[in-house]
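Report on the structure given below.
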Amino acid sequence: MDKIKRKLSFDYSDNKEIKRLGSIDERRISISFIENLSNDIFYEIFDYLDGIDIYEAFSNLNYRFQQLLNGSSLLFKIKLKLQSNESYMNIYKQLILINRHQIFSFHLDLPSHLNQFVSSFIIDSSLKRVESLVLVQIKSNTLISLLINLASLPRLFSLTIYAKNDFKNLNHVYQLIFTLPVLKYNRFNLYGCNRPISLPMAIERQLSSIEHLVMNHYFTFKELYAIISYTPQLCHLDLGHQKKSDPTIESLLPIRKLDCKLKVLRFTSETEYIDYLDANRWEQLILQNLPQLEDFYLKYYVQHDDVYESSIYLEDCNQFTSSFWIERKWIFEAEIGFYLTVYSIQLYKERWYDINFTTALSNSARVTLIYLPDVERLESLIIDIQIIYRLPELDSLQIPSLSLSSEIHLTMEQNKRLLPTNNKIKKIYLEEMTDIEEVIFLITFCPYVNVLQVNCADNIDIELFVKDILTINNERNYYLRSLCFHVSTANEEMVKKLEEMINCEKLLLHYTIKRVRGDIYLNWE
């Protein structure tokens with residue numbers, strides 16, 4: 001049997017990749033007893049488990065497992081739970097006493113009584129394999145005492161802190177973080193705490209090895225300037241900005257002092273300043289000061305009294321569709337709710353209409369996605385239509401549901417000539433359809449739609465649905481060319497009946513139809 005190559009690692013950005021145990025299946029081992037599994041397979045299984053659970057289950061079981069637990073190939077990932085009972089804590093104490101040289105990571109969730117316990121925990125160079133430390137709900141005095149001793153850990157590459165709101169200032173915290181000799185990743189989250197950071201500018205002997213810095217707390221950009229003076233190797237900066245005294249993008253200019261090493265910039269703002277949605281100013285900042293930037297992420301939260309008010313901010317956002325943004329595949333999006341809208345710029349990701357339909361990236365880059373609330377009242381529907389009318393470059397719609405009452409049916413029938421149909425919407429995804437009239441309304445309202453995806457309720461007559469859509473599309477010379485609908489009961493017999501109906505009714509000449517599990521795809525010329 002080939003030896004399994006194992007590698008314990010952690011993701012600096014806290015995104016754990018899900019591993020697959022396909023390698024075990026590929027060996028096609030015939031196992032009668034668990035004891036017959038190889039050590040390598042046990043190590044692979046242990047890699048999924050909390051270190052304390054491993055210790056509790058296998059310690060003192062027999063000689064072989066005792067050797068496994070004490071072997072240098074096994075590294076423990078310890079997660080100290082919020083509700084830790086006495087038995088659990090005793091196992092934890094035993095493990096860090098006997099096997100401390102095998103501990104790979106700590107994730108400590110610290111209510112008040114555990115803050116006292118951790119502050120008495122001895123940290124020294126004997127924890128020589130520890131590479132990652134996560135501290136949750138930690139108090140300021142406990143954090144300071146821990147940070148003082150963390151410099152003795154020779155392999156501490158990642159430090160994540162979710163702190164309690166009891167800090168007077170953050171100077172000492174950052175000064176101690178910057179003394180950690182091999183730290184590569186640091187996240188510091190502190191909500192609801194407006195505390196000053198009056199760090200002096202760094203001198204050469206104070207420089208930190210940090211490459212990825214996440215700051216999720218109050219700070220001014222002047223304070224940011226001082227902090228990043230300690231991190232000359234910084235290439236990934238993630239800013240959760242909550243300060244209301246920095247109203248302009250130009251306030252971000254301290255990041256140009258990074259000597260052009262920055263490759264990833266994430267910026268989140270919860271302030272009310274619309275300047276953060278000025279595409280031209282972001283473009284100039286990046287071109288002039290960050291020539292090596294590869295990825296840019298912007299997230300901007302705006303609270304409003306009603307959903308209609310949110311459209312005011314969208315009218316100038318088509319600046320994000322210039323060649324600068326398209327070439328870099330940085331896409332503007334908006335998620336609209338009743339009281340909160342989230343605007344974002346992020347790296348292009350495959351969307352629902354990219355999976356089975358061909359769309360040009362240049363067009364996709366112009367997409368604004370709006371997540372409308374469930375429509376149940378006439379007033380809500382009218383507001384939604386008014387928002388769309390104010391967005392002439394809107395390219396796609398993704399709608400959770402569209403429940404058309406009899407009142408809405410009547411009103412829309414009476415006022416079809418008043419319904420604005422000069423929009424440019426080409427792609428629609430209706431996540432839940434309960435009535436065929438909902439789709440008919442959408443393609444009437446959006447005559448240029450060429451891609452339509454629908455999740456059908458179980459009571460929908462699928463043949464009638466397809467027939468009605470194709471008939472309307474043919475009669476009115478609409479642009480629809482791709483139809484995807486999800487049906488829980490979809491099978492090959494359903495596809496065959498649809499094909500026979502289309503041919504018999506002569507609805508299409510050149511088309512393809514296929515089923516992928518519960519989805520049926522119909523495309524035509």
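Out of the stretch 202-221, which residues are part of a helix (DSSP H, G or I), surrounded by fewer than 16 Cβ atoms within 10 Å (Cβ to Cβ) and not acidic (Asp, Glu)? Show your work before the answer.
Going through the stretch 202-221, the residues part of a helix (DSSP H, G or I) turn out to be 204-206, 221.
This time we only want the ones that are surrounded by fewer than 16 Cβ atoms within 10 Å (Cβ to Cβ), so: 204-206.
Listed by number, the residues that qualify are 205, 206.
Residues in the stretch 222-236 that are surrounded by fewer than 19 Cβ atoms within 10 Å (Cβ to Cβ) and more than 16 Å from residue 175 (Cα to Cα): 222, 233, 235. Taken together, 291, 232 contain a single residue that is modelled with pLDDT of 65 or more, under 28 Å from residue 167 (Cα atoms) and not aromatic (Phe, Trp, Tyr), which is 232. Which of the residues belonging to the stretch 60-89 are at pLDDT below 85, surrounded by 13 or more Cβ atoms within 10 Å (Cβ to Cβ) and either closer than 26 Å to residue 35 by Cβ or more than 32 Å from the chain's Cα centre (by Cα) (or both)? Once the filter is applied, which keeps residues that are at pLDDT below 85, surrounded by 13 or more Cβ atoms within 10 Å (Cβ to Cβ) and either closer than 26 Å to residue 35 by Cβ or more than 32 Å from the chain's Cα centre (by Cα) (or both), the stretch 60-89 yields 88, 89.
Just one residue in the set 140, 152 is within 26 Å of residue 125 (Cβ to Cβ) and touching a Ser or Thr at 6+ places or on another chain (Cβ under 6 Å); that residue is 152. Within the stretch 447-460, residues that are under 26 Å from residue 475 (Cβ atoms) sit with their Cβ atoms under 7 Å from residues that are at pLDDT 90 or above and in a loop (DSSP other than H, G, I, E, B), at 6+ positions apart or across chains, in these pairs: 449/480; 450/480; 450/481; 452/480; 456/487.
Being acidic (Asp, Glu) and more than 24 Å from residue 399 (Cβ to Cβ) is the requirement here; does residue 492 meet it?
Working: acidic (Asp, Glu): yes; more than 24 Å from residue 399 (Cβ to Cβ): yes.
In short, yes.
Across the stretch 423-444, what is the number of residues that are in a loop (DSSP other than H, G, I, E, B) and either touching a Phe, Trp or Tyr at 6+ places or on another chain (Cβ under 9 Å) or of a type in the set (A, V, I, L, M, F, W, C) (or both)? Before you say what the answer is, go through the steps one by one.
We begin by selecting, within the stretch 423-444, every residue in a loop (DSSP other than H, G, I, E, B); these are 423-426, 434-435.
Filter once more, keeping what is either touching a Phe, Trp or Tyr at 6+ places or on another chain (Cβ under 9 Å) or of a type in the set (A, V, I, L, M, F, W, C) (or both): 423-426.
Number satisfying all stated conditions: 4.
For every residue, the table says whether it meets (1) touching an Asp or Glu at 6+ places or on another chain (Cβ under 8 Å); (2) of a type in the set (Val, Ile, Thr); (3) surrounded by 12 or more Cβ atoms within 10 Å (Cβ to Cβ); (4) not in a loop (DSSP other than H, G, I, E, B).
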{"position": "484", "(1), (2), (3), (4)": "yes, no, yes, yes"}
{"position": "488", "(1), (2), (3), (4)": "yes, no, no, no"}
{"position": "495", "(1), (2), (3), (4)": "no, yes, yes, yes"}
{"position": "500", "(1), (2), (3), (4)": "no, no, no, yes"}
{"position": "508", "(1), (2), (3), (4)": "no, no, yes, no"}
{"position": "513", "(1), (2), (3), (4)": "yes, yes, yes, yes"}
{"position": "520", "(1), (2), (3), (4)": "no, yes, yes, yes"}
{"position": "523", "(1), (2), (3), (4)": "no, no, yes, yes"}
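The single residue among 442, 480 that is at pLDDT 90 or above, crowded, with 16+ Cβ neighbours inside 10 Å and of a type in the set (A, V, I, L, M, F, W, C) turns out to be 480. What residue, among those in the stretch 445-466 that are outside any helix (DSSP H, G or I) and acidic (Asp, Glu), is modelled with the highest pLDDT? The qualifying residue modelled with the highest pLDDT is 461.
If you filter the stretch 34-55 down to residues that are closer than 19 Å to residue 96 by Cβ and surrounded by fewer than 17 Cβ atoms within 10 Å (Cβ to Cβ), you find that the one that is farthest from the chain's Cα centre (by Cα) is 53. Please enumerate the residues belonging to the stretch 271-282 that are modelled with pLDDT of 85 or more and surrounded by fewer than 16 Cβ atoms within 10 Å (Cβ to Cβ). Across the stretch 271-282, the qualifying residue is only 280. The helices (runs of 4 or more DSSP H) found entirely in the stretch 106-191 that carry 2 or more residues being touching a helix residue (DSSP H, G or I) at 6+ places or on another chain (Cβ under 9 Å) and either more than 26 Å from residue 52 (Cβ to Cβ) or modelled with pLDDT of 85 or more (or both) are 140-150, 171-177. Here residue 220 meets each of (1) modelled with pLDDT of 85 or more; (2) touching a helix residue (DSSP H, G or I) at 6+ places or on another chain (Cβ under 9 Å) with one exception, condition (1).
Tell me whether the stretch 25-38 contains one or more residues that are at pLDDT 70 or above and of a type in the set (Lys, Arg). Don't jump to the end; show me each part of the working.
Taking the stretch 25-38 and keeping what is at pLDDT 70 or above, we get 33-38.
Right, trim to of a type in the set (Lys, Arg) and you get none.
The answer is no; no qualifying residue exists.
Here 85, 90 are screened, and the one residue that is within 20 Å of residue 136 (Cβ to Cβ) and polar (S, T, N, Q) is 85.
Whenever a residue of the stretch 62-84 is of a type in the set (D, E, K, R), its partners that are modelled with pLDDT of 90 or more and part of a loop (DSSP other than H, G, I, E, B), lying with C-beta atoms within less than 9 angstrom and at least six residues away or across chains, give the pairs 77/47; 77/49; 77/50; 79/50; 81/50.
When the stretch 235-265 is filtered for residues that are over 24 Å from residue 301 (Cβ atoms) and at pLDDT 85 or above, the ones remaining, listed by number, are 235, 263.
Of all residues in the stretch 316-331, those that are under 17 Å from residue 265 (Cα atoms) and crowded, with 16+ Cβ neighbours inside 10 Å have Cβ atoms under 6 Å from Cβ atoms of residues that are hydroxyl-bearing (Ser, Thr, Tyr) and modelled with pLDDT under 85, 6 or more apart or on another chain, in 331/348. Within the stretch 449-464, being in contact with a Lys or Arg (Cβ under 6 Å, 6 or more places away or on another chain) and either surrounded by fewer than 21 Cβ atoms within 10 Å (Cβ to Cβ) or at positive phi (or both) holds for one residue alone: 450.
The values are calculated or read from the model by the stated rules, or taken from the named source; none is laboratory data. All of these numbers come straight from a predicted model, not from anything done at the bench. Positions of Cβ are generated from backbone atoms using ideal geometry, with glycine treated the same way; all protein chains shown enter the neighbour counts.
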